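Engineer: First the structure, which I've put down as structure tokens, then a few questions once you've had a look.
The values are calculated or read from the model by the stated rules, or taken from the named source; none is laboratory data. Fair warning: this is a prediction, and the values are worked out from it, not measured in the lab. In this analysis, Cβ positions are derived from the backbone assuming ideal geometry, glycine residues included, and neighbour counts consider all displayed protein chains.
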Amino acid sequence: MNSRTDKDKHYSEYQPLRTGWFKLDLQEDRQEFISRFDYDLFVTLTFRDEIKPWMAEKRFEKWFGSLNCALFGWRYRRKGKGIRCAVVFEYQRRGILHMHALLGAEGLKELDREYMAKLWKSNGQRKDKNGPLVDRVVNGHAVIDPYDPTRGAIRYLTKYIVKGAEVYIFVPRKELKKGASASAFETTE
């Protein structure tokens, strides 16, 4: 027995807006913004053990700050300088967080990638104040490759938006002033 009226039939033709469409628009918007800038490296940083997301962010910030200091000196923020960065955090199949990031800055290609990987693995810990980095693994593994725009790294980074992740974007002040318009979703410090 069909109890549907014409009124019920009319309303059933309209489906509520799916949030997936919004996320796809957001993904395209982020892709467009990220692609405005030049990048030098595509980085994948993993953790050895399970870690809370806030701690993962802190460790990434420490590594990222160390790279900025190596390139621009300790007062890089006051100078308005820094590495351009787009980073996303996601969970691996084994349930451990890892990150993908695009990095770009003048002189970044010349930094030793082995040093950058060791800086990540050791979490920046040194044997003494100005000594060499410790040899033990604190964070995990780092894969640091030259950025090739034809391989789709920007799309790969932003695909996690649809899965609920957020892409964090850092652009130094001086680069925003050079002509790239500021947007509501980038971080400038």
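Engineer: Can you tell me which residue within the stretch 49-78, out of those that are under 15 Å from M116 (Cβ atoms) and of a type in the set (K, R), is surrounded by the most Cβ atoms within 10 Å (Cβ to Cβ)?
Structural biologist: R59
Engineer: Which of the residues belonging to the stretch 80-101 are without any contact (Cβ under 8 Å) to a residue 24 or more places away in the chain and either surrounded by 16 or more Cβ atoms within 10 Å (Cβ to Cβ) or out of contact with any Leu (no Cβ under 7 Å at 6 or more places or on another chain) (or both)? Walk me through how you get there before you give the answer.
Structural biologist: Step one: of the stretch 80-101, the residues without any contact (Cβ under 8 Å) to a residue 24 or more places away in the chain are 91, 93-94.
Result: R93, R94.
Engineer: If I filter the stretch 10-27 for residues that are within 22 Å of N139 (Cα to Cα), outside any helix (DSSP H, G or I) and either modelled with pLDDT of 80 or more or not β-branched (V, I, T) (or both), do I get at least one hit?
Structural biologist: So in the stretch 10-27, the residues within 22 Å of N139 (Cα to Cα) come out as none.
Taking every residue of the stretch 10-27 in turn, none turns out to be within 22 Å of N139 (Cα to Cα), outside any helix (DSSP H, G or I) and either modelled with pLDDT of 80 or more or not β-branched (V, I, T) (or both).
Engineer: Would you pick out the residues in the stretch 152-174 that are of a type in the set (D, E) and at pLDDT below 75?
Structural biologist: none
Engineer: Residues in the stretch 51-63: is at least one over 17 Å from P172 (Cβ atoms) and either modelled with pLDDT under 85 or of a type in the set (V, I, T) (or both)?
Structural biologist: Yes, there is a match, as at least one residue in the stretch 51-63 is over 17 Å from P172 (Cβ atoms) and either modelled with pLDDT under 85 or of a type in the set (V, I, T) (or both).
Engineer: Please find, among D49, D38, the residue that is in a loop (DSSP other than H, G, I, E, B) and farther than 18 Å from W120 by Cα. Before you say what the answer is, go through the steps one by one.
Structural biologist: On the way: D49 fails: farther than 18 Å from W120 by Cα.
So the residue among D49, D38 that is in a loop (DSSP other than H, G, I, E, B) and farther than 18 Å from W120 by Cα is D38.
Engineer: Here are the criteria: (1) modelled with pLDDT under 85; (2) surrounded by fewer than 13 Cβ atoms within 10 Å (Cβ to Cβ); (3) on the phi < 0 side of the Ramachandran plot; (4) not acidic (D, E). Tell me which single one P149 does not satisfy.
Structural biologist: Condition not satisfied by P149: (1).
Engineer: If you scan the stretch 52-87, which residues turn out to be out of contact with any Phe, Trp or Tyr (no Cβ under 7 Å at 6 or more places or on another chain), in a loop (DSSP other than H, G, I, E, B) and more than 26 Å from K159 (Cβ to Cβ)?
Structural biologist: G73, W74, R75, Y76, R77, R78, G80
Engineer: A further question follows. Could you go through the stretch 36-48 and let me know if any residue there is touching a strand residue (DSSP E or B) at 6+ places or on another chain (Cβ under 9 Å), closer than 27 Å to E114 by Cβ, surrounded by 13 or more Cβ atoms within 10 Å (Cβ to Cβ) and at pLDDT below 85. Before you say what the answer is, go through the steps one by one.
Structural biologist: Keep residues of the stretch 36-48 that are touching a strand residue (DSSP E or B) at 6+ places or on another chain (Cβ under 9 Å), which gives 37-47.
If we keep only those that are closer than 27 Å to E114 by Cβ too, we end up with 37-47.
Retained after the next criterion (residues that are surrounded by 13 or more Cβ atoms within 10 Å (Cβ to Cβ)): 37-47.
Right, trim to at pLDDT below 85 and you get 37.
Yes, the stretch 36-48 has at least one match.
Engineer: Shifting gears a bit: Inspect all residues belonging to the stretch 107-115 and state whether any of them is surrounded by 15 or more Cβ atoms within 10 Å (Cβ to Cβ), out of contact with any Lys or Arg (no Cβ under 7 Å at 6 or more places or on another chain), aromatic (F, W, Y) and farther than 28 Å from K159 by Cα. It would help to see each step written out before you state the result.
Structural biologist: Looking only at the stretch 107-115, we keep the residues that are surrounded by 15 or more Cβ atoms within 10 Å (Cβ to Cβ), and these are 108, 111, 113.
Among the residues that remain, those that are also out of contact with any Lys or Arg (no Cβ under 7 Å at 6 or more places or on another chain) are: 108, 111, 113.
Narrowing the set further to residues that are aromatic (F, W, Y) leaves none.
Within the stretch 107-115 (the criterion being surrounded by 15 or more Cβ atoms within 10 Å (Cβ to Cβ), out of contact with any Lys or Arg (no Cβ under 7 Å at 6 or more places or on another chain), aromatic (F, W, Y) and farther than 28 Å from K159 by Cα), the answer is no, since none of the residues qualifies.
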